[in-house]
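Notes follow the structure.
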There are 6 protein chains.
Amino acid sequence: MTGPVRIRSGVPGLDEITGGGLPANSLVVISGDPGSGKTTMCLQYLFMGATQFNENGVFISLEETEEEIVRAASYYGWDLASLIKSGRLKTITVELYDFDKLKNTIEDAVASVNAKRLVIDPGVIFRLYFERELDARKRIMSLGRMLKRLGCTAWITNEIALDAPMSLFGLEEYVADGVVLMYHTKYQDRFVRSIGILKMRGTTFSEKLHPMILTEHGVHIFADKDLFEQAPPAAANAGKGRGG
Amino acid sequence: MTGPVRIRSGVPGLDEITGGGLPANSLVVISGDPGSGKTTMCLQYLFMGATQFNENGVFISLEETEEEIVRAASYYGWDLASLIKSGRLKTITVELYDFDKLKNTIEDAVASVNAKRLVIDPGVIFRLYFERELDARKRIMSLGRMLKRLGCTAWITNEIALDAPMSLFGLEEYVADGVVLMYHTKYQDRFVRSIGILKMRGTTFSEKLHPMILTEHGVHIFADKDLFEQAPPAAANAGKGRGG
Amino acid sequence: MTGPVRIRSGVPGLDEITGGGLPANSLVVISGDPGSGKTTMCLQYLFMGATQFNENGVFISLEETEEEIVRAASYYGWDLASLIKSGRLKTITVELYDFDKLKNTIEDAVASVNAKRLVIDPGVIFRLYFERELDARKRIMSLGRMLKRLGCTAWITNEIALDAPMSLFGLEEYVADGVVLMYHTKYQDRFVRSIGILKMRGTTFSEKLHPMILTEHGVHIFADKDLFEQAPPAAANAGKGRGG
Amino acid sequence: MTGPVRIRSGVPGLDEITGGGLPANSLVVISGDPGSGKTTMCLQYLFMGATQFNENGVFISLEETEEEIVRAASYYGWDLASLIKSGRLKTITVELYDFDKLKNTIEDAVASVNAKRLVIDPGVIFRLYFERELDARKRIMSLGRMLKRLGCTAWITNEIALDAPMSLFGLEEYVADGVVLMYHTKYQDRFVRSIGILKMRGTTFSEKLHPMILTEHGVHIFADKDLFEQAPPAAANAGKGRGG
Amino acid sequence: MTGPVRIRSGVPGLDEITGGGLPANSLVVISGDPGSGKTTMCLQYLFMGATQFNENGVFISLEETEEEIVRAASYYGWDLASLIKSGRLKTITVELYDFDKLKNTIEDAVASVNAKRLVIDPGVIFRLYFERELDARKRIMSLGRMLKRLGCTAWITNEIALDAPMSLFGLEEYVADGVVLMYHTKYQDRFVRSIGILKMRGTTFSEKLHPMILTEHGVHIFADKDLFEQAPPAAANAGKGRGG
Amino acid sequence: MTGPVRIRSGVPGLDEITGGGLPANSLVVISGDPGSGKTTMCLQYLFMGATQFNENGVFISLEETEEEIVRAASYYGWDLASLIKSGRLKTITVELYDFDKLKNTIEDAVASVNAKRLVIDPGVIFRLYFERELDARKRIMSLGRMLKRLGCTAWITNEIALDAPMSLFGLEEYVADGVVLMYHTKYQDRFVRSIGILKMRGTTFSEKLHPMILTEHGVHIFADKDLFEQAPPAAANAGKGRGG
């Protein structure tokens, strides 16, 4: 079998730990602890896509306004406002009450900028809209299928915590092509950030957890290093953890 | 007592840890953590059955479309599309609302390709259809009995997680002939994959957990090795974990 | 006080760890993890009783059909079909909806083969039939009393798991004369089987957990050995774990 | 303050760990794991009281019949039947539906044999009779007060388990003069029995857990020994654990 | 800032671990495990206040009668009956159904003996009176405010257990000036008693847990000692744990 | 990207661990264990702002009265009464029933003293006002947005405990610019205080937990020290833990 067509994420280290880069058109669930950098990495993915790899993008937000999204990105020096103005990026803030309307909104947005990259943030909010787990399950998988038909490499975020992981109801298990886990946990006297790949179809991937940091340039993953119990190496300490 | 008639699964190492191979016509529950490779191993089982051992098969999906199933298999080089075309495999996507209709659908599918292998994936979704545990229990056991009358060696998947195992309500304990557990758990700084046999009627089986990997050829179980706390041996590292 | 009249279970090692054998007419609760061998041991008890010790028996099943029970026993070479034919064993599959009818059914079955041994499997299903815990408690204790009046040595199974033990509501504590625990738990890289006596009236018993195995001849308990953390001795390894 | 008037329980070792014996007229809650020997120790208390210390007694059972109580005691050679016949002991089996009737029943029984010792077993069943915790609390404390006015030294049993201790709602904390804990827990490869005093008004008491065994003569507490992690001393092994 | 006016509790060691004594007019929550000595310490506080420090007191009981309170204190040689007679102490047993009536009752009682010390025992019962957490929260804080206006140094008890701490709904966090924790936990083969100060406004306090014992003279705290894992020192062993 | 405009908190050590000081106009969630010093640090922040840094402030209390707030601050020598009188600080106690009214109240208060600093305490009470999690989520985020439009650097407190962290529903994850965690946990024989930054947009921050103490001058954070397992250094011991 020939290797898949891969995209370059623009997130240092991520391509390396996914065997060379995410397969194009994958649907990836990004699950992470609070403050682990999920949203930051998503913004980085879109910004780099538009500025470095000629891939336009769409940010579907279920909670933040465009202004808030632009401001969040600005902390890292990512000028989303210009990209929005020049039609390379589009942000949409949606209400989820009307699930069918959501699908149309997403399709239109993708078409409007001819997007190749897509982010939905946060995915966890889906579960709040359905009483029966069975309905949530079907709707979310239906959404996942729609996303994959769009011809984008789509990321959907999920917030987890050690005590009550909020599953996206079969999305991770069946429809998603990949699942990435971002940890930000207290270990003895510090918070330790790490990232691991739970699943990624169509490619080999690292089975380890890798240290990662948040710098003033966004997320940085150390693909060559295992997770230490002591302080991460000097290179990481230079740009101490920054963003949200 | 003479030994049972056994099938050859086609999954490297699985036959060895089940005392020489699964007894024919067994009903086996495949329980696994998210991303542990349950669905991959099921596809491998059907593909190998059809191409290597002249056993046609049926894949009953409760969540995925035929297209998705075919694509998932293609990542491993398993061309299910041809097998479906040539009548050696059949995939059915069913709604579970009508439980009786489900039984008929399965029976018809098995007959249509004279199947000897059967997969139902995911089994866990049964529990979402019944309010009273007693009803779920009876229906699922009734389904299990029907499966055993079909003359197939049937696998039914179940998703588990360390905190809330979702039992298939007596299916494992009474009707199922075997229960296989696939672990994919975080241990220190890596994810470790392992497989064990909880129960298998009619044959001896290994009481240990065995390391396993996902390669570009599917699931590979190390029947000769115990589970190490450190990195698995070189042979495993060559084809690093792939699929989903 | 003179020693009690004891029965010989026919399960190797069980009589030794119960001070010489279960007191006749005891009501014993057999609690075990999934796949621990509860049902196997019950079938062994009945088969040995009928073929070795001239004690006929009744198997009351709340979930399995006679055919399934006979097949399950056949894996161990226990020909229940002949015993049923010759009136030495009787199996009954009952619905629990009508609790009073259950009692009559049991009494009739015991009388019909003049049974001295009785098994009810699984006992856990009782709790699904009652809304109020108080009702469940009273009904089950009433059933337990009825069983003791039958003049049989009766075993009733209960499924437990580490996180949510399903108690038989006072049955173990007050009415049952004995409680046997069968463990089948993951320990490091293997599954370990063990058995222990929590309670047994009228006799001394071992306060230890003993290793046990499932062989092609059924359950085998090592009365002389303590539970090791490493592999059980050579004698055990010869017939590696088999049944369900 | 002068020392209290004490009773002699008749349970070897119990008087020693309660600073010389339970203060007369105490209300003591006996909390224990399943199979820990609560009921046995209560029967021992009553039997010894009637035969050794000229204190008649009443056994109030909320679950067992007189016949079952007598039989349970007979395993230890305690002939309760004779004591009942000669008016030295009385057993009553009560329904708890009518809580006020319960009180009258108890008062009458105590008067009828001029009892100085009283047992209520099991106390845990109280909580099943009340919807609101507040009502349960008031009723149980009211019962406790009534018991103390009777001029008996009263024991009331409570079943506990490590995961969900069933509290007797303030009884232990406020009304009860003493609380005794009986453990029967799995430790590595054996079951270990121990007993400890959580609280005892009016006297000093041991703050340690003491090993205890069940022999053919009932409960035996080792007041002079601390709890070992290894096997209890030879004296204990002679009469291996018996009862219920 | 000048040091606060302090009271002398009369409980040996308590003043030392609260930086010299509780600030006068503080509202302190005394939280403790069952049998930890909360009520004993409260009685000691009132008795010493009336006999040693010329501070009259009021004991508001939500569960015990005056007779029971007096008896509980008598075990330690504290003659509350005389103090009640001479108008130095007052005990009130209240129903909580009418929360407003409770306030009036407390105010009247304090005025009647010109109390400077106040105890409410047990505080935990408040939560049973309100359906909505918001109402419980408001009422309890309102009660706390009323207590502080009375010009007393008030103690309110709370029962906690390791698995389900019953919080007094913001009382500890906002209205209470201090929170004292009394532990009575099983550690290996013994019960260990300790006390610690979680919070105390207006003064420094020890951040450690200190060993404590119950003697025939009440609670005794070892302010100079840290908590050992082995037996407490000889001085403690002399008067072995007594009370309730 | 130029560095952000920063404020000086006035809490020793806090500016250092937030990379030089909180970015102006941030919304920060202060989450802490009971008794960890959240409210104390908030009062310190406002007092120092008004007296040292010429930034007026508003304290929005959802539970305490102005009198209680003033008194709580007085323990540290912070004279809020004068600041209120001179129009440099304002305290408001609000009912949350009318959420829209809350917003107006806050806006008016901020305008009335031209506040640059704002505290809402406790934020946790929001969750008690909404039945559906979705509503709570929207309202709280709407409040958060309003706070950020006010041109203040706003702190909102949240009470957490190890077993059931009460999340402010997406506020921390999306709207809040920063999250600070204050621990006050039992470790062996003492209570240990520590503080860490989970998230802070627009600046680097320390990824470690730092020891902190409560002294008679308020909260003091040791920015230069890691968290020790043994006693904190001498400087900390000098002013032993004080406040609430």
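A short reminder: the numbers here are calculations on the coordinates, not readings from a lab. It should be emphasised that the depicted structure is a prediction, and the values quoted were computed from it without experimental measurement. Glycine gets a Cβ as well: all are built from the backbone with ideal geometry, and neighbour counts include every protein chain shown.
Amide H contacts of D:ARG193: D:MET212, each under 5 Å away and 5 or more positions distant or on a separate chain (H built 1.01 Å from N in the peptide plane; Pro and chain starts excluded). Checked against a 26 Å cut-off, the cross-linked pairs C:LYS90/C:LYS199; D:LYS38/D:LYS90; E:LYS208/F:LYS199; B:LYS199/D:LYS38 give Cα-Cα distances beyond that limit for C:LYS90/C:LYS199; E:LYS208/F:LYS199; B:LYS199/D:LYS38. Distance between the 7 Å Cα→Cβ label points at E:SER82 and A:GLU95: 7.6 nm. Between copies, the label points of C:GLY151, set 7 Å from Cα on the Cα→Cβ line, lie 4.9, 4.9, 8.5, 8.5, 9.8 nm apart, reported in increasing order to one decimal in nanometres. Annotation for B:GLU131 and D:ARG132: the two label points, set 7 Å from Cα along the Cα-Cβ direction, are 2.9 nm apart. Under 5 Å between amide hydrogens, built in the peptide plane, is the criterion, and for E:ASN158 it picks out E:ILE30, E:SER31, E:GLY32, E:GLY123 among residues at least 5 positions away or on other chains. Each residue of the range E:193-208 was assigned a 3J(HN,Hα) from its phi angle through the Karplus curve 6.51 cos²θ - 1.76 cosθ + 1.60 (θ = phi - 60°); the sequence is 9, 8, 9, x, 9, 7, 6, 7, 6, x, 7, 6, 7, 6, 8, 9 Hz, with glycine and proline shown as x. In this assembly of identical copies, the label point of D:LYS103 (Cα plus 7 Å along Cα-to-Cβ) is separated from its counterparts by 3.3, 3.3, 5.8, 5.8, 6.7 nm, sorted shortest first. Summing charges over all other residues whose Cβ lies under 15 Å from the Cβ of C:THR93, with Lys and Arg as +1 and Asp and Glu as -1, gives -3. About its Cα centre, the range C:1-109 has a charge dipole of approximately 400 debye under the convention of +1 per Lys or Arg Cβ and -1 per Asp or Glu Cβ, with nothing else charged. Each principal axis of the Cα cloud of the range A:10-142 was taken in turn, and the coordinate range along them, longest first, works out to 42, 34, 27 Å. Put a dot 7 Å past the Cα of F:GLU216, heading toward its Cβ, do the same for E:ARG149, and the two dots end up 3.2 nm apart.
Annotation for the range B:198-229: chymotrypsin sites (Phe, Trp or Tyr not before Pro) lying in DSSP loop with at most 14 further Cβ atoms inside 10 Å of their Cβ are B:PHE228. Per residue of D:188-200, other chain Cβ atoms within 10 Å of the residue Cβ number 5 on average. Label-point spacing at A:LYS138 relative to the other copies reads 2.5, 2.5, 4.3, 4.3, 5.0 nm, in ascending order, each point sitting 7 Å out from Cα along Cα→Cβ.
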